[in-house]
Amino acid sequence: MRNPYEVLGVAPAATAADIQKAYRKLAKKLHPDLNPGDKAAEEKFKEVSAAYGLLSDADKRKRFDAGEIDESGAERPQHRYYRDFATADEGHPYADASGYADYMDSDDAFAELLRRSEQARANRRGRDLHYSLTIDFAESITGAAKRLTLPDGGTLDVTIPPGLVDGQVLRLRGKGAPGTGKGGPGDALIEVAVRPDPRFTREGDDISLELPISLSEAVLGGKVRVPTPTGDVTMTVPKGSNTGTTMRLRGKGAPHVGGGHGDEFVKLKVVLPKGPDPALEAFVSGWDRKAFNPREDGAS
């Protein structure tokens, strides 16, 4: 630690008023509340505060000048610190209001700033804590109740609102880090990722699905089972349906913000049986293939 007179920039013969004036000038320049995030300024402020803490005390200054204590205020030749300016309160140099005693006697704007900052530290709101949670696609549409396991082994119960979208952040108020004094706890911020479902595609509040159907279902029509986020439903395929035919299941999409639901659009895809089918081949061979050409303009 440097000589306290050098730290404050005053001569050993300086008066108490000179020392206080020098300290206030440096403190206004270096105080952490006026230099947020500047670690160099914070370290210099600690050094200046330590120097002033020694020289502003007439007895300690006298003992330092006499060589009885060193720059840190420790008895010579011992090296026990007289004052430890570190604090558990996120690195701030003062743990209580005592470090601001000289400012409290002043009514200037800087003193008021220090009063407020000290009070704010004594009643600081807790930090927000950030987590991530992955849910299924169906849960994003219908909503769900999930339990999130925290890194420290604790848990949080999370309500997934219906219609949630991928990347949405949920705020659980008061579930973050605890505050100090009268400061309340922070919040838990949970970013939700939606696990894709290969069957569904979402566009706004509507969802779409490609549904394979057989040749006989396409030609003759019939009832088929169709997946939806809330479970399978029965849908009637009309006669003469084709690949690309799209049908609407009303209200089977995601919920609208103002009420109601989007729709599910079902796009049909005609799929032939795997492997040779002699009966189908015999039918097609006897069918008048010249009666229909799907490549002609206007063919459907």
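How far apart, in nm, are two points set 7 Å out from the Cα along the Cα-to-Cβ line at Ala41 and at Leu189?
Output for this residue pair reads 2.5 nm.
At 7 Å along the Cα-to-beta-carbon direction for both Asp128 and Val271, put a label point, then send me their distance in nm to one decimal.
Label at Asp128, label at Val271, 4.5 nm between them.
Please give the Cα centre distance for region 1-53 versus region 166-184, rounded to the nearest Å.
Between the Cα centre of region 1-53 and that of region 166-184, the gap is 37 Å.
Using label points projected 7 Å from each Cα along Cα→Cβ, tell me how many nm separate Lys146 and Asp59, to one decimal.
Modelled inter-label distance: 6.3 nm.
Go through Lys146/Lys274; Lys175/Lys252; Lys46/Lys182; Lys29/Lys62 and tell me which ones have a Cα-Cα distance over 32 Å in this structure.
Pairs exceeding 32 Å: Lys146/Lys274; Lys175/Lys252.
We did not get these values from a lab; they are worked out from the coordinates using the rules stated. All values reported here derive from a predicted model rather than from experimental measurement. Glycine also receives a Cβ, built like all others from the backbone with ideal geometry; neighbour counts cover every protein chain displayed.
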